[in-house]
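Colleague: Quick one: this structure, given as structure tokens, is what I'll be asking you about.
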Amino acid sequence: MLSNLAKNKVSRRDFMKACAAMAVYLGLSESFAPKIADAVENASKKAPVIWLEAQDCAGCSEAFLNLTEPTPAQIILDTISLKYHETLMFGSGYVADKALDEAMKTPGYVLVVEGSIPTADPLFCTAGTMSDTNPARRPVVETLKEAYKNAAVVIALGSCASWGGVVQATPSKGRGVSDIVGKEKVINLPMCPCNPDHLAGTLVYYLTFKKAPPLDIHQRPLMFFGTLIHDNCPRRGHFERGEFVTNYGDPSQAEYCLYLKGCKGPFTFSDCPSRGFNDNVNWCIKAGAPCAGCSQPEFYAGFSPLYEKSNDVNLPGIGGVPSETVGTVAAAVTALGVAAHLVGRSVFGKKKEGDK
Ligand code: SF4
Ligand code: SF4
């Protein structure tokens, strides 16, 4: 978007306004606008990007293709030079393998990895062949290790690439990129699928500052994963009043807190409440579904069963009251809600991940 504005010679004033908006988008002060403008205007060549797919469903690629501002075309055609992407590239077979080998020879590219890496046996996930004279299948884990060497930065896109995600529990024992190559160059952008805004924002940050944004203990950018969903949830008022959804079919509970239905918002760091998906049209809790905690390393197996109240947080009163009672006896519920809130403050208040 910014490079388009620069090329199309919009007024300097409008261009700087767009750069200021991007600074805010990245969680920075507007005073960073000149630095972003400088990076966009003086980018002498597009950033080379290699995008590998391992054990994935291509959902993160699809999420990326649904970006609206900037559009995927603006990113692919104007901002980066996409050297390899199995789903999007035109070439296939030996031609694609050769393109990957050539791209990996020149140091300094951005490596994006989508999907988990099998650790039980490399042959659980292969892509392409070893060479045009050796038809043996090429394990993705070997391609990852090779691509890692010359990468300037590695973006593990989605929960599977970040720490295994849904595939953790399969016979392949899928693990995250950091588990294979270490944390040094890795930025995790979890979620299932990824929020494409996070990818676009991380790319802009990297191109502007030539380094990764500040990360939390799980290698996630603090600008996107620095706040607890529970702290910004539009249903938080109902949580505090002890108004919980116990029956999805009851219209009077439609806006109530989803904690008793398994909501992992109290344990989950992400900016979903303010950013949403698809131009902030919607997100899980706004749509009436409990947060599954997909931005956390515990997702999926560690949070299972997803649709049951978490038992590892002790909320006296609520835990001992049948769910059908909660939400139907107003006075009792209010008292329980206050108790839950007070205990919740002390239990949920021990944030470590979002600490800056
Ligand atoms: S438990 Fe879930 S639905 Fe309830 S306030 Fe917290 S984040 Fe929102
Ligand atoms: S609300 Fe929870 S489950 Fe939904 S996208 Fe955000 S972190 Fe993932």
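Colleague: May I ask you to say which residue of LEU189, LEU157 is without any contact (Cβ under 8 Å) to a residue 60 or more places away in the chain, closer than 19 Å to THR87 by Cβ and crowded, with 21+ Cβ neighbours inside 10 Å? Explain how you work it out, then say what you get.
Modeller: Details: LEU157 fails: without any contact (Cβ under 8 Å) to a residue 60 or more places away in the chain.
One residue alone meets the criteria, LEU189.
Colleague: Please go through the range 193-208 and pick out each residue that is polar (S, T, N, Q) and outside any loop (DSSP other than H, G, I, E, B). Break it down into steps so the answer makes sense when it comes.
Modeller: Going residue by residue through the range 193-208, those that are polar (S, T, N, Q) are 195, 202, 208.
Across the range 193-208, the qualifying residues are THR202, THR208.
Colleague: While we're looking at this one, here's another question. Show the residue pairs that are 6+ apart or on different chains and have beta-carbon atoms under 6 Å apart, the first residue being within the range 277-294 and of a type in the set (Phe, Trp, Tyr), the second being loosely packed, with under 13 Cβ neighbours inside 10 Å.
Modeller: Close Cβ pairs satisfying both conditions: none exist.
Colleague: So, LEU228, is that one among the aliphatic types (A, V, I, L, M), more than 20 Å from THR68 (Cβ to Cβ) and within 13 Å of ligand 2 (Cβ to nearest atom) or not? Break it down stepwise before answering.
Modeller: Details: among the aliphatic types (A, V, I, L, M): yes; more than 20 Å from THR68 (Cβ to Cβ): yes; within 13 Å of ligand 2 (Cβ to nearest atom): yes.
In short, yes.
This table checks each residue for (1) closer than 27 Å to GLY164 by Cβ; (2) within 13 Å of ligand 2 (Cβ to nearest atom); (3) surrounded by fewer than 22 Cβ atoms within 10 Å (Cβ to Cβ); (4) at pLDDT below 95.
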| position | (1), (2), (3), (4) |
| --- | --- |
| PRO234 | no, yes, yes, no |
| ALA254 | no, no, yes, no |
| PHE277 | yes, yes, yes, yes |
| ASN280 | no, yes, yes, yes |
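Colleague: When you scan the range 255-287, how many residues do you find that are assigned to a loop (DSSP other than H, G, I, E, B) and within 12 Å of ligand 1 (Cβ to nearest atom)?
Modeller: If we filter the range 255-287 for residues that are assigned to a loop (DSSP other than H, G, I, E, B), which is where we start, we get 255-256, 258, 262-264, 268, 270-271, 276, 278-281, 283-287.
Adding the requirement that they be within 12 Å of ligand 1 (Cβ to nearest atom) leaves 255-256, 258, 262-264, 268, 270, 283-287.
So the count comes out to 13.
Colleague: List the pairs whose first member sits in the range 255-270 and is under 25 Å from LEU199 (Cα atoms), whose second member is assigned to a loop (DSSP other than H, G, I, E, B) and within 9 Å of ligand 1 (Cβ to nearest atom), and whose Cβ atoms are under 6 Å apart, counting only residues at least 6 apart or on separate chains?
Modeller: Close Cβ pairs (under 6 Å, with a partner that is assigned to a loop (DSSP other than H, G, I, E, B) and within 9 Å of ligand 1 (Cβ to nearest atom)) amount to LYS264/CYS291; GLY265/CYS233; GLY265/CYS291; THR268/CYS291.
Colleague: Restricting attention to the range 236-252, report how many residues are modelled with pLDDT under 95 and loosely packed, with under 14 Cβ neighbours inside 10 Å.
Modeller: Residues in the range 236-252 being modelled with pLDDT under 95 and loosely packed, with under 14 Cβ neighbours inside 10 Å: 1 in total.
The values are calculated or read from the model by the stated rules, or taken from the named source; none is laboratory data. From a predicted model like this one, the values you see are computed outputs, not experimental measurements. Virtual Cβ from ideal backbone geometry, glycine too; neighbours counted across all protein chains shown.
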